[in-house]
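The next block holds one structure in the form of structure tokens; read it before the comments.
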Amino acid sequence: MSGTSLDGVDGVLVDFSMPVRPRVLVRAQRSFSVDLRRDLLDLTHPGVNELERAARLSRTLSALYAEVVHELVQRAGQEDFPVVAVGCHGQTVRHRPEQGFSLQLVNGALLAELTGMPVITDFRSGDIAAGGQGAPLVPAVHAALFRHPSIPRLILNLGGIANLTLLIPGLATRGYDTGPANLLMDGWIDRCLGYPFDPDGRWAAQGHCHPALLDSLLAHPFFQRSAPKSTGREDFSLEWLEGRGEWVSSLPPEDVQATLLELTARSVAAAVQAECRGYKGTELYACGGGALNTQLMERLQLLMPEVRVRRTDELGVPVQQVEALAFAWLAWARVQGKAGNLPEVTGARHGVVLGALYSP
């Protein structure tokens, strides 16, 4: 899995033979180079020669994905854990479900050739073809892994974008994107200080949230839309942030960062409070890179005192493994011939077996 944060690739080797829950055997990670991250970021905006640039980057990414696969197999021992398939999400560069597409860069045929393994990719197109948003896809996996028979649970993925899964006993699984998580914070600290992210939210903690700027950011129409809904860099970008007027250019940059952190916390809290009013004992478990942002986690807990805010580590899955595990699960569902989407989440007309298969 490589997400909208554009920080790198996370991979896991997962054993699905267990009767209760799939088991992560090993994990591997590769960071994006500065050049690769810049090239991918450039491709999220309209520009010249896009087709050739996209094709070239698909090959570069596929080689990087193959490195992660080889490391996983080497560390685990392929003779002991034969690989049935590689599930690869690819790198999202455009997400336009309202126009009927979501584009992830990966060359499935090349990845199959480089690994010598069947590859399943293109997970979003089937749901979009059935009228859905193509995202979020992880709520089905969250339900399989984390649902409790009597305790209301929320799973919050804090990647580039934040998405929330609602696991309420007796009710169907629901979920949707709530807005930006790390995307804007990462972009702003990179622009101002040259760092790829803000460790523990320490830079944000040095600033002060600016109420007028925050109100302007929260006025984005996405926050007023009803689910099913999904979003990405098309809605939330540094260009959009800088369009908020002289606030951004006149404020100390750490104040802007503090305001962006508050934007993430407030938009998540608003969604949780709207969905879970009346459910006692609700637990929220965060995953993704944002779950390691101490400042953000503390703000979430302060804004939602009625909810127990924790990390998915407490449920047995470390925060940086959940997304990769999710797409391993979706690949497993494809092999089993099972629908991988939840129509009540994505808005699709029906369940769909997701993913395209490439044989080596």
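Pairing residues of the range 231-249 that are at negative phi with residues that are of a type in the set (Asp, Glu) and open to solvent by less than 30 Å² (accessible area, probe 1.4 Å), at Cβ distances under 6 Å and at least 6 apart in sequence or on separate chains, gives THR231/ASP177. Restricting to the range 228-280, and then to whatever is within 18 Å of PRO139 (Cα to Cα) and among the charged types (D, E, K, R), can you tell me which residue is least open to solvent (accessible area, probe 1.4 Å)? Only one residue fits best here, namely LYS229. With a requirement of 2 or more residues that are aliphatic (A, V, I, L, M), the strands (runs of 3 or more DSSP E) lying completely within the range 1-101 that satisfy it span 8-15, 23-31. Meeting the requirement of 2 or more residues that are farther than 22 Å from LEU105 by Cα and touching a Gly at 6+ places or on another chain (Cβ under 7 Å), the helices (runs of 4 or more DSSP H) wholly within the range 125-198 are 138-146.
Among residues of the range 316-338 that are touching a residue at least 60 places away in the same chain (Cβ under 8 Å) and under 16 Å from GLN29 (Cα atoms), those with a beta-carbon under 8 Å from a residue that is surrounded by 21 or more Cβ atoms within 10 Å (Cβ to Cβ) and of a type in the set (Asp, Glu) at least six positions away or on a different chain give the pairs GLN320/ASP10; GLN321/ASP10; GLU323/ASP10; ALA324/ASP10.
Would it be correct to say that PHE222 is open to solvent by less than 10 Å² (accessible area, probe 1.4 Å), of a type in the set (Phe, Trp, Tyr), closer than 22 Å to ALA286 by Cβ and in contact with a Lys or Arg (Cβ under 8 Å, 6 or more places away or on another chain)? When the stated conditions are applied, PHE222 passes them.
Among GLU314, GLU306, GLU283, which is the only one that is modelled with pLDDT under 95 and open to solvent by 10 Å² or more (accessible area, probe 1.4 Å)?
Working: GLU314 fails: modelled with pLDDT under 95; GLU283 fails: modelled with pLDDT under 95.
None of the others qualify; the one that does is GLU306.
Listed conditions (1) at pLDDT 95 or above; (2) over 20 Å from the mean Cα position of the chain (by Cα); (3) among the small types (Gly, Ala, Ser) are all met by GLY90, apart from (2).
I'd like the full set of residues that are among the polar types (S, T, N, Q) and either within 15 Å of VAL24 (Cα to Cα) or buried (at least 17 other Cβ atoms within 10 Å of the Cβ) (or both), limited to the range 39-59. Write out each step before concluding.
Applying the first criterion (among the polar types (S, T, N, Q)) to the range 39-59 yields 44, 49, 58.
Selection gives THR44, SER58.
Of all the listed residues (GLN295, GLN336, GLN321), the sole one being surrounded by fewer than 24 Cβ atoms within 10 Å (Cβ to Cβ), under 17 Å from VAL14 (Cβ atoms) and within 20 Å of the chain's Cα centre (by Cα) is GLN321.
The sole residue among VAL119, VAL83 that is touching a residue at least 24 places away in the same chain (Cβ under 8 Å), surrounded by fewer than 17 Cβ atoms within 10 Å (Cβ to Cβ) and more than 18 Å from the chain's Cα centre (by Cα) is VAL83. Within the set LEU36, LEU13, the sole residue that is more than 27 Å from GLY187 (Cβ to Cβ) and open to solvent by less than 80 Å² (accessible area, probe 1.4 Å) turns out to be LEU13. Among the residues making up the range 104-116, those that are of a type outside the set (S, T, N, Q) and surrounded by 21 or more Cβ atoms within 10 Å (Cβ to Cβ) are LEU105, VAL106, GLY108, LEU111, ALA112. Residues that are over 19 Å from LEU260 (Cβ atoms) and of a type in the set (Lys, Arg) within the range 297-311 comprise ARG308, ARG310, ARG311, listed in sequence order.
Within the range 230-251, can one find any residue that is charged (D, E, K, R), within 18 Å of GLN295 (Cβ to Cβ) and over 21 Å from the mean Cα position of the chain (by Cα)? Steps first, please.
Of the range 230-251, the ones charged (D, E, K, R) are 233-235, 239, 242, 244, 246.
Keeping just the survivors that are within 18 Å of GLN295 (Cβ to Cβ) gives none.
Within the range 230-251, not a single residue is charged (D, E, K, R), within 18 Å of GLN295 (Cβ to Cβ) and over 21 Å from the mean Cα position of the chain (by Cα).
Among residues of the range 266-281 that are more than 17 Å from ALA172 (Cα to Cα), none has a beta-carbon under 7 Å from a residue that is among the aromatic types (Phe, Trp, Tyr) and open to solvent by 50 Å² or more (accessible area, probe 1.4 Å) at least six positions away or on a different chain.
The values are calculated or read from the model by the stated rules, or taken from the named source; none is laboratory data. Here the structure is a predicted model, which means the values were calculated and not measured. Positions of Cβ are generated from backbone atoms using ideal geometry, with glycine treated the same way; all protein chains shown enter the neighbour counts. Surface areas here come from the heavy atoms of the whole protein model, side chains and all, with no ligands, DNA or RNA. Shrake-Rupley method; radii C 1.70, N 1.55, O 1.52, S 1.80 Å.
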